[in-house]
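Values in this text are rule-based calculations from the coordinates and carry no lab data. All of these numbers come straight from a predicted model, not from anything done at the bench. Every residue, glycine among them, receives a Cβ derived from its backbone with ideal geometry; neighbour counts consider all protein chains shown.
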Amino acid sequence: MKEISLHILDIVQNSVSAKASEVKIDIAESISENIIKVSISDNGCGMDKEFLKNVTDPFTTTRTTRKVGLGIPLFKLAAEQAGGSFSIESEKGVGTIVRASFEHNNIDRSPIGDMAGTLISLVSVNETVDFVYSHTAENGTFIFDTKEIRNTLGEVPLSEYEVLNWIEGYINEGLYRIKATTY
Amino acid sequence: MKSLEELAKIREQVQNNIHMRDDSTAGYRIVVGMATCGIAAGARPVLSALTQEAAKRNLEYVKVSQAGCIGMCRLEPIVEVYPPEGEKVTYVKMTPEKAVKIINDHIVNGKVVTEYTIGAAE
């Protein structure tokens, strides 16, 4: 995919399909350590050992419309092409953690991309799920937690357009302040 | 600087404006394909254009949601419009610009944009 943020959007869809009520997205980047670490963890239904063993195989999928599921294999490929690594832990009934790392200066690393765009897509169509997005870069850590936002909003849903706009600005400002990379 | 105070103001505004909502389009459901195929083909900006245009036209009762893989990956991004009564319309190879036209022509004015439908593409 053109951006790491699109892979993240894709993998989080898996968490939502697994009936997660909370999804945590963590990005930690360091130019000096030459690494970008991404982790997506959820409290969904998880996978049993058999399924987990084969989950990075494109022909292993829960889909019924096609025999191929490319989300995880493509993310793994993106990480490995950028000199990084990929792993998944999962426990049935508990949840799943997907981890991918990338070499920051690798020419084949896709840009992190529009994380605000990914978060607002997720928030606008998944009203009942809570998301916590934390991003650590050169100047510190920025955290976006939908639970906090819901507190202030009361009964107004997060999918309201003005709210989505506010969230986009809030995330972009936060990422700018910590000097998150956009390239 | 975005602050939680701003968000509290937005809450007030939304609650006060509830009476201005256009409910003549209530019952319309718009579904955007957001599986790997859709995302790779550009579904995120299409979803964003749909929500933005629906908000611009005050179509607060139109529900936009997502679907997994619809099964026609080569035609993604796909947008399905379910009217309150009658058959759904499947739009294929969507772009943000086409999304705006669909909100205005199909949802607001009731005219299906046939050249973007799956029938026209096959």
request  = Give the Debye-formula value of log10 I(q)/I(0) at each listed q (0.09, 0.11, 0.12, 0.13 Å⁻¹), with one equal scatterer per alpha carbon of the protein assembly as shown, two decimals each.
outcome  = -0.47, -0.70, -0.84, -0.98
request  = Please determine, in degrees from 0 to 90 and to the nearest 10, the orientation of helix B:43-56 with respect to the longest principal axis defined by the Cα atoms of chain B, where the helix direction is its Cα long axis.
outcome  = 50
query = GNM, chain B, Cα, under 10 Å: largest mean-square fluctuation among B:Asn104, B:Asn17, B:Asn58?
reply = B:Asn17
note = GNM on chain B, Cα springs under 10 Å; top mean-square fluctuation among B:Ile18, B:Ile30, B:Ile107 goes to B:Ile18
note = For peptide B:2-11, the mean count of other chain Cβ atoms within 10 Å per residue Cβ is 6
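Taking the Cβ of A:Val16 as the center, what net charge do the other residues with Cβ under 12 Å away carry, scoring Lys and Arg +1 and Asp and Glu -1? Mind showing how you got there, number by number?
Numbers: positive: A:Lys19; negative: A:Asp10, A:Glu22, A:Asp42, A:Glu127, A:Asp130.
That sum, taken over residues with Cβ under 12 Å, equals -4.
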task = Post the alpha-carbon centroid distance, region A:109-167 to region A:1-74, in whole angstrom.
result = 18
task = Determine the shielding of peptide A:64-71 by partner chains: average, over its residues, the number of Cβ atoms on other chains within 10 angstrom of each Cβ.
result = 4
query = What order do you get for B:Ile10, B:Ile39, A:Ile171, B:Ile118 when you list them from fewest to most C-beta neighbours inside 10 Å?
reply = B:Ile118, B:Ile10, A:Ile171, B:Ile39
key: C-alpha long axis of helix B:4-16 to longest principal axis of chain B, angle in °   = 80
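Express in % the proportion of alpha carbon pairs of region A:37-137 at distances exceeding 23 Å.
Cα-Cα pairs in region A:37-137 separated by more than 23 Å: 35 percent.
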request  = Grab the other residues whose beta carbon is less than 14 angstrom from that of B:Arg74, score K and R as +1, D and E as -1, and report the net.
outcome  = 0
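Would you calculate a helix-derived [θ] at 222 nm for chain A, using -39,500 (n - 2.57) for each DSSP H run of n ≥ 4 and dividing by the full residue count, to the nearest 500?
Numbers: 6 runs with 67 residues, N = 183.
Result for chain A, helices only: -11000 deg cm²/dmol.
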note = Largest first and rounded to whole Å, the semi-axes √(5λ) derived from the alpha carbon gyration tensor of region A:77-183 read 27, 19, 12
task = Among A:Arg109, A:Arg99, A:Arg63, determine the one that fluctuates most according to a GNM of chain A built with springs between C-alpha atoms less than 10 Å apart.
result = A:Arg63
message = Taking just the alpha-carbon atoms of region B:2-77, what radius of gyration and Dmax come out, in angstrom?
response = 15.6, 45
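Quantify how strongly other chains surround peptide B:94-100 by giving the mean number of their Cβ atoms within 10 Å of each of its Cβ atoms.
Whole-number average of other-chain Cβ neighbours for B:94-100 is 0.
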remark   = Using alpha carbon positions and the Kirkwood radius, the Rg to Rh ratio of chain A is 0.96
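Share of antiparallel DSSP beta bridges in chain B, in percent to the nearest 5? Write out the running numbers ahead of the final one.
Numbers: 8 of 13 bridges.
Counting only bridges with both partners in chain B, antiparallel ones make up about 60 percent.
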